[in-house]
Amino acid sequence: MNWVHSPAMLRPFEYVDPSTDETLYLYTDKRLSVLCIGDRRYYFDRITGKFDGVLSSMVDVAGGIELAD
């Protein structure tokens, strides 16, 4: 998709770092790609890739999926 400069939808991805026990989570919606590290969310525009902001609360992720601690 990068070759044709088209945004792709990603399957939600969760990874727990065994050395730090920190959870990394990545998902996309219609407008944003979201990278979650611990209790922070980093938002990126899916079309441009431009950083769009940070939120430090993990209440409600990807339609109700909760992160495992």
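At a glance:
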{"read-out": "Fewest-first ranking of V16, V34, V54, using other Cβ atoms within 10 Å as the exposure measure", "value": "V54, V16, V34"}
{"read-out": "Placed amide H near D52: partners under 5 Å, 5+ positions off or other chain", "value": "Y43, F44, D45"}
{"read-out": "Karplus-derived 3J(HN,Hα), 6.51/-1.76/1.60, for each residue of segment 15-25, Hz, glycine and proline x", "value": "9, 10, 5, x, 7, 10, 6, 8, 9, 10, 9"}
{"read-out": "Residue order, fewest to most beta carbons within 10 Å, for F44, F13", "value": "F13, F44"}
{"read-out": "Derived scalar couplings ³J(HN,Hα) [segment 31-46; Karplus, 6.51 cos²θ - 1.76 cosθ + 1.60; whole Hz; x for Gly, Pro]", "value": "10, 10, 9, 10, 10, 10, 10, x, 9, 10, 10, 10, 9, 10, 5, 5"}
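Where a number appears in this text, it was derived from the coordinates with a stated rule and is not lab data. Since this is a predicted model, take the numbers as computed values, not measurements. Methodologically, a virtual Cβ is constructed for each residue, glycine included, from the backbone with ideal geometry; neighbour enumeration extends over all protein chains shown.
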